[in-house]
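Data first, discussion second: the structure below is written as structure tokens.
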Amino acid sequence: MKLSALKYHPVNEQLYEDDDCEDLIDSIEREGLKVPPLITQDNIVISGHRRVKALRILNIEEILCNVKEYETQNEELIDLITYNLYRLKTNEQKIREGIMLERLYKEDQGSYGKPIRDVIGEKMGISGRSYADGKEVVQKIDEFKTADMDKYKSVKSELNKSIRAGKKAIEEPSIEPQLEDNRHAYWKEFLKVIEQLEKSHAKLSKQRNHTTPHALGHMIGNLIDFADRVKTWAPENMVNCSVCGGDGRDGDKSFCDHCIDGQVGVYKESKY
């Protein structure tokens, strides 16, 4: 087969953009082409785009190819993704594969016995929840590509570190203002508690006499101590939790174990 007759599949570029083939160039120069590309009856490459690219750089004119006849485009796309499942890929490439497979599976209207996100996650080697989170991040990346190039690059970079980092990158702008609003709203309620504690302490202290049981007297004395403790919970004494970043969640857990009482999203700085 003449190399010049082969055509790249257009979807391959969408899924695996900026693919480097330097490693393959070195391998082919040393050992030759070990696995022929898989192509359609119309000479469209299904598996082996990087190999074909490397061969063209090496100015090789003819190669052997495996040819497979496809009846539908969906069959082509499923093979294109399946043959690439175990190659080294970025998180973004994995999620884009999943999005494409999800569309193809839905068009097939098959019954899979579990949520489609879990089916796709298994194919990608990740959990269904991670796939769903990654899908949300990739959709945001596509939005940022035309609206905010700096955000596009930064979220791509975070996603390729980890899906969790990518998810956090698209949520970050809304977390801190919401957290600050919550802190001050809670603090207003705490001020009411402090005021009531101080009033109760003053009233009960006046009524206390030598007939007051010792234990009850001790409790009355503790009221003002507790009021002092609550005062240390003022917003200015709080800092974002270094584990969850202030959103109150630690990975897949409902609440962060490292926060105040496991659910506030902040560390407490006080003697208590």
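Of all residues in segment 45-68, at least one satisfies being in contact with a Phe, Trp or Tyr (Cβ under 9 Å, 6 or more places away or on another chain), assigned to a loop (DSSP other than H, G, I, E, B) and surrounded by 12 or more Cβ atoms within 10 Å (Cβ to Cβ). Screening Arg96 with (1) basic (Lys, Arg); (2) in the same structural domain as Glu136 (by TED's automatic domain parsing); (3) more than 28 Å from Gly128 (Cβ to Cβ) gives one miss only, at (3).
Within segment 121-146, being closer than 18 Å to Ser162 by Cα and β-branched (Val, Ile, Thr) holds for Ile126, Val137, Val138, Ile141.
Taking segment 1-10 only, how many residues are at pLDDT 90 or above and outside any loop (DSSP other than H, G, I, E, B)?
5
Looking at Ser47, is it farther than 30 Å from Tyr105 by Cα, among the small types (Gly, Ala, Ser) and free of Cβ contacts under 8 Å to residues at least 40 places away in the same chain? When the stated conditions are applied, Ser47 does not pass them.
Does segment 96-103 contain any residue that is basic (Lys, Arg) and under 25 Å from Pro37 (Cα atoms)? Yes: one or more hits.
Somewhere in segment 76-90, is a residue without any contact (Cβ under 8 Å) to a residue 60 or more places away in the chain, touching a Lys or Arg at 6+ places or on another chain (Cβ under 8 Å) and either not in a helix (DSSP H, G or I) or not assigned by TED's automatic domain parsing to the domain that holds Glu13 (or both)?
yes
Under the condition of being surrounded by 18 or more Cβ atoms within 10 Å (Cβ to Cβ), modelled with pLDDT of 90 or more and under 19 Å from Ile81 (Cα atoms), the residues counted in segment 18-37 number 1. It is to be established whether one or more residues within segment 243-253 are farther than 30 Å from Phe144 by Cβ, outside the structural domain of Lys151 (by TED's automatic domain parsing) and modelled with pLDDT under 70. Checked segment 243-253: no residue is farther than 30 Å from Phe144 by Cβ, outside the structural domain of Lys151 (by TED's automatic domain parsing) and modelled with pLDDT under 70. So for segment 108-131 (the condition being over 26 Å from Thr72 (Cβ atoms) and either basic (Lys, Arg) or in contact (Cβ under 8 Å) with a residue 60 or more places away in the chain (or both)), does at least one residue qualify? Yes, because at least one residue in segment 108-131 is over 26 Å from Thr72 (Cβ atoms) and either basic (Lys, Arg) or in contact (Cβ under 8 Å) with a residue 60 or more places away in the chain (or both). Per the conditions (1) closer than 26 Å to Glu122 by Cα; (2) touching a strand residue (DSSP E or B) at 6+ places or on another chain (Cβ under 9 Å), the sole criterion not satisfied by Glu13 is (2).
The values are calculated or read from the model by the stated rules, or taken from the named source; none is laboratory data. None of these values were measured; they are calculated from a predicted model. FYI the Cβ positions are ideal-geometry reconstructions off the backbone, even for glycines, and counts take in every protein chain you see.
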